[in-house]
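What follows is one structure encoded as structure tokens, with my remarks underneath.
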Amino acid sequence: MNASLLQEVTALLQAEHGGAIKIRDNNSVGGGCISQAEKLTLEDGSCFFLKSHAHAPPQMFEAEAAGLKAMAAVTPPSAMTPLRIPKVLGTGTRQPFILMEFIEEGRPKPSFSADFGRQLAEFHRASQSERFGFKMNNYIGSTPQPNPWTDRWLDFWREHRLAHQFELARRQGLTDASFNQLADRLLQRVDDHLAAPEEKAVLMHGDLWGGNYLVDKTGHAVLIDPATYYGRREADLAMTHLFGGFDAAFYRGYEEVWPLAAGSDDRLEIYKLYHLLNHLNLFGSSYRGGCLSIMRRFA
């Protein structure tokens, strides 16, 4: 940790503790696929999580902090334990970082998956909004994610999710004429496939795959690394169907609280496409086949 970073982080920790502190140890930990991740241990034994990146994209950590704070502000009315969101202490002003509480990991309870599903459904239901988008643009992985406030979900999803990813793929030379034709046809048919159900926006994690939650010492789920925005809840659930990490009990738990409308299986496929396109843009042509399979089915 360089002197400038140490000075800013120390100031945030002192504000949190209300007095002078000293960092005893800083150790690299997992959770830094894009950034450097460290566990900071103070002399009193308390621990904090620091994520930094000397060349981070503009406002990447500020956007992450805004998403975490927005999720933490959701208070479901149920007596059920709400989803845990790490507390943010602050972000860097002189160099990019985010500092938050350190989550001690534990083992999932036997009812973990079903509880997690119910907690997510309660979270979604308690965070409904009339508009789609978010108060600032953010990132999904390292891909810019535009979030302009939009009154109509179909316009938001067409322009700021699918069309955005298609354009990024074209710019990187990852598409050809047939891919582009399918993309254009699918964009024209978004209304046909996603018009129903006419649900309100909910606050979404935005990138909810198996690597973006932890299990804390009490055996409950903790959401991390969000790509937060207000959207239709099926778009949040779509990512849970990719790359593992969620079992049948999770989905049963969710549906116990807030069942999905008829036809969700097809809509989930279109929502999955956004994430597959993002992986195409981030990691290359190995994701092209998965994108084309969905595009051919619905274009």
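Data overview
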item: Trypsin sites (Lys or Arg not before Pro) lying in DSSP loop within segment 14-56, provided at most 11 other Cβ fall within 10 Å; result: 22
item: Shape of segment 198-299, Cα gyration tensor, a/c cut at 1.5; result: oblate
item: Built amide H within the under 5 Å cut-off of residue 227, gap 5+; result: 206, 207
item: Charge dipole magnitude, Cβ of K and R +1, D and E -1 - the chain, Cα centre, debye nearest 20; result: 300 debye
item: Phi-based couplings in Hz for segment 8-17 (Karplus 6.51, -1.76, 1.60; Gly and Pro marked x); result: 5, 5, 4, 4, 5, 5, 5, 5, 5, 8
item: Long-range HN-HN contacts of residue 24 with modeled amide H, under 5 Å; result: 41, 42, 43
item: Integer Hz, Karplus 6.51/-1.76/1.60 couplings in order for segment 118-123, x for Gly and Pro; result: 5, 4, 5, 4, 4, 4
item: Cα centroid of segment 18-71 to Cα centroid of segment 231-281, whole Å; result: 30 Å
item: Carbon plus sulfur fraction of accessible area for segment 137-255, probe 1.4 Å, in percent; result: 48 percent
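The values are calculated or read from the model by the stated rules, or taken from the named source; none is laboratory data. None of the values given here were measured: they were computed from a predicted structure. Using ideal geometry, Cβ is built from the backbone for each residue, glycine included, and neighbour counts are taken over all protein chains shown. Surface accessibility is based on the protein's heavy atoms, side chains included, excluding ligands, DNA and RNA. Shrake-Rupley method; radii C 1.70, N 1.55, O 1.52, S 1.80 Å.
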